[in-house]
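Below: one structure, written as structure tokens.
The values are calculated or read from the model by the stated rules, or taken from the named source; none is laboratory data. As the structure is a computational prediction, the values presented were derived from the model and not from experiment. Every residue, glycine among them, receives a Cβ derived from its backbone with ideal geometry; neighbour counts consider all protein chains shown.
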Amino acid sequence: MFEIDFDIELIKKYDQPGPRYTSYPTAPHFHEGFTADNYLDEIVRTNTEAVKPPLSLYFHLPFCDTLCYFCGCNMIITRNRDRIKEYIKYVKNEIDLLRTFLDVDRPVTQLHWGGGTPTHLDPDEIYDLVSYINKSFKIDPSVEAGCEIDPRGLTKEHLEALRSGGFNRISMGVQDINPTVQKAVNRIQPEEMTRQVVQWVRELGFTSINLDLMYGLPFQTKEEFIKTVKTTVDISPDRLAVFNYAHVPWMKKHMGLIKPEDLPKPEEKLHILGATIEELVGAGYVFIGMDHFAKPDDEMAIALRDKKLYRNFQGYSTNAGADLYGMGITSISQIGRVYAQNLKKEKEYFDSLNDEKLPVNKGIYLTDDDLLRRDVITRVMCDFELDFKAFETQYKINFNDYFANSLNNLKVMEADGLLKITPDKLEVSNKGRLLIRNIAMRFDGFIERKEDQGRYSRTV
């Protein structure tokens, strides 16, 4: 089992803004010169190859009932049921349009609903949409089907609709059980409510439940947040994500409703993180990477041990090698050599589908260098090591020559004990695992060429 060496001084030294690498190239490099036609060309190409990977489907359901001030997602606050029904109609239209270009015999091995709050749909709407998906695609019997839920306003009937439609995984936000913190971020969610929903999830036979916590919110202290962590451990989810709140009101205007003076100081945040990791690892959870934890017998922990872990737009994943098709506004697809992001506004999205045109806003075509660097960054973030010979065999390169600048830029980190470099291998130390984003950045060609102008959250 991996252990964590939490060195606060080193973390402070390397704490800086940087990508999360749910994609490479990262989203700021997507551009509007990449069109729907470019996306269509890659869809056709990947669906006519002799060997076709399985499918992963993501549906973005952006609607929420109330505004959480910390939220960094693409969401729409509405209680207009007609608006929701119209959106669902157009998501079905996008399914129909995609199906005309897809080999529909390709199995769907992963399905995910995100938001927003997918359970802002009522139970009948949930069942209607998932039924439409199930009849439109070839769903693998062992599909990993997950949905994000919000306990507030949730009924058991919502969960029954998801379960009857084939969903087997649930992810739910908790953030913090402290009422003072909840009030400050406009998310009132009593502990009893969370426990009730978890009980329903288990009664209905979902195979996995993930709970999200967030540190760095207003009025949090180490002592108080650890109470939330202990409560969460008692609830005993299969997986946990502990996210760092990034206060970026210049990107998300509603974050301006949080007063900066109410936020914990950077050093207090690090103490919260260190204590949280210690508490979760002490309770038997495996530290997966960055902000993810799982029980030792969870598929994600097994994938980490077997070096089969992967990263996509949902973070760490066990589903490598699938073509990801994103549907709904702002959703991102990853197939073959391209990323394609859908239009952001409902009207633009609707208009495009009315014209029977894929609703693409922007994207990027990956070069050979992009593909290589994506693979390197993925493997270092998932395996915490790099086998140079494996890359040399696959990509016909001399690793030490190709990445000479990267390896040279890692020497300071090596001197600080974050990693070890030999002629054939790079190994991240226990001390370096919390700074894996910083290590991955050294292999980022856009950063190396000083072509990256993106504004990112801090790495820790």
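Looking at segment 35-62, which of the residues that are over 21 Å from S136 (Cα atoms) and among the small types (G, A, S) is farthest from the chain's Cα centre (by Cα)?
A50
All but one of (1) farther than 18 Å from F350 by Cβ; (2) surrounded by fewer than 18 Cβ atoms within 10 Å (Cβ to Cβ); (3) in contact with a Ser or Thr (Cβ under 6 Å, 6 or more places away or on another chain); (4) not basic (K, R) hold for N74; state the number of the condition that does not hold.
N74 satisfies every listed condition except (1).
Residues in segment 124-133: is at least one assigned by TED's automatic domain parsing to the domain that holds G315 and outside any helix (DSSP H, G or I)?
no
When only residues in segment 340-366 that are in a helix (DSSP H, G or I) and touching a Pro at 6+ places or on another chain (Cβ under 8 Å) count, which is surrounded by the most Cβ atoms within 10 Å (Cβ to Cβ)?
Among those that are in a helix (DSSP H, G or I) and touching a Pro at 6+ places or on another chain (Cβ under 8 Å), it is Y349.
Hey, could you check segment 384-408 for residues that are in a helix (DSSP H, G or I) and among the aromatic types (F, W, Y) and say which is farthest from K307 (Cα to Cα)? Talk me through it step by step, then tell me what you get.
Applying the first criterion (in a helix (DSSP H, G or I)) to segment 384-408 yields 388-395, 399-402, 404-408.
If we keep only those that are among the aromatic types (F, W, Y) as well, we get 388, 391, 395, 399, 402.
Details: F388: 15, F391: 15, Y395: 19, F399: 20, Y402: 24 Å.
Looking at residues that are in a helix (DSSP H, G or I) and among the aromatic types (F, W, Y), I get Y402.
Tell me which residues, restricted to segment 259-315, are more than 19 Å from the chain's Cα centre (by Cα), part of a loop (DSSP other than H, G, I, E, B) and crowded, with 20+ Cβ neighbours inside 10 Å.
P264, Y285
Go through segment 409-460 and tell me which helices (runs of 4 or more DSSP H), entirely inside it, have 3 or more residues that are under 19 Å from M290 (Cα atoms).
Values: elements: 411-415, 436-441, 445-448.
Helices (runs of 4 or more DSSP H) meeting the threshold: 436-441.
Within segment 316-331, count every residue that is in a strand (DSSP E or B), among the hydroxyl-bearing types (S, T, Y) and more than 12 Å from the chain's Cα centre (by Cα).
1
Go over the candidates I95, I177, I88 one by one and state the one that is closer than 24 Å to P53 by Cα and not in a strand (DSSP E or B).
Details: I177 fails: closer than 24 Å to P53 by Cα; I88 fails: closer than 24 Å to P53 by Cα.
Within the list I95, I177, I88, the selection yields I95.
Using the structure shown, decide if K259 is more than 19 Å from I8 (Cβ to Cβ) and either out of contact with any Phe, Trp or Tyr (no Cβ under 7 Å at 6 or more places or on another chain) or aromatic (F, W, Y) (or both).
Details: more than 19 Å from I8 (Cβ to Cβ): yes; either out of contact with any Phe, Trp or Tyr (no Cβ under 7 Å at 6 or more places or on another chain) or aromatic (F, W, Y) (or both): yes.
Against the criterion (more than 19 Å from I8 (Cβ to Cβ) and either out of contact with any Phe, Trp or Tyr (no Cβ under 7 Å at 6 or more places or on another chain) or aromatic (F, W, Y) (or both)), K259 qualifies.
Yes/no per residue for (1) in a loop (DSSP other than H, G, I, E, B); (2) under 22 Å from I126 (Cβ atoms):
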| position | (1), (2) |
| --- | --- |
| P151 | yes, yes |
| I170 | no, yes |
| N186 | yes, no |
| T194 | no, yes |
| G205 | yes, yes |
| M214 | no, no |
| F219 | yes, no |
| F225 | no, no |
| D234 | no, no |
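Aliphatic (A, V, I, L, M), under 24 Å from the mean Cα position of the chain (by Cα), at pLDDT 95 or above and buried (at least 20 other Cβ atoms within 10 Å of the Cβ) - does that describe any residue in segment 422-429? Quick ask: steps written out before the conclusion?
Start the filter on segment 422-429 by keeping residues that are aliphatic (A, V, I, L, M), which leaves 426, 428.
Then drop every residue that is not under 24 Å from the mean Cα position of the chain (by Cα), which leaves 428.
Add one more test, that the residue is at pLDDT 95 or above, and what stays is 428.
Restricting the remaining residues to those that are buried (at least 20 other Cβ atoms within 10 Å of the Cβ) gives 428.
Among the residues of segment 422-429, at least one is aliphatic (A, V, I, L, M), under 24 Å from the mean Cα position of the chain (by Cα), at pLDDT 95 or above and buried (at least 20 other Cβ atoms within 10 Å of the Cβ), which makes the answer yes.
For segment 367-406, name all the residues that are crowded, with 19+ Cβ neighbours inside 10 Å and of a type in the set (A, V, I, L, M).
Across segment 367-406, the qualifying residues are L372, V376, I377, V380, M381, L386.
Spot the failing condition for V376; the list is (1) at pLDDT 95 or above; (2) out of contact with any Gly (no Cβ under 7 Å at 6 or more places or on another chain); (3) farther than 17 Å from R20 by Cα, and only one is missed.
(3)
So for segment 27-47 (the condition being out of contact with any helix residue (DSSP H, G or I) (no Cβ under 6 Å at 6 or more places or on another chain) and over 26 Å from F101 (Cα atoms)), does at least one residue qualify?
Yes, the conditions are met somewhere in segment 27-47.
Among residues belonging to segment 1-59 that are among the small types (G, A, S), surrounded by 16 or more Cβ atoms within 10 Å (Cβ to Cβ) and not in a helix (DSSP H, G or I), point out the one that is modelled with the highest pLDDT.
The qualifying residue modelled with the highest pLDDT is S56.
Filter segment 60-85 down to residues that are aliphatic (A, V, I, L, M) and outside any loop (DSSP other than H, G, I, E, B), then give me how many there are.
Counting residues in segment 60-85 that are aliphatic (A, V, I, L, M) and outside any loop (DSSP other than H, G, I, E, B) gives 3.
If a residue has to be surrounded by fewer than 18 Cβ atoms within 10 Å (Cβ to Cβ) and among the acidic types (D, E) to count, how many in segment 127-169 make the cut?
4
Does P151 satisfy the criteria of being in the same structural domain as V198 (by TED's automatic domain parsing) and within 25 Å of the chain's Cα centre (by Cα)?
For P151, the condition - in the same structural domain as V198 (by TED's automatic domain parsing) and within 25 Å of the chain's Cα centre (by Cα) - is met.
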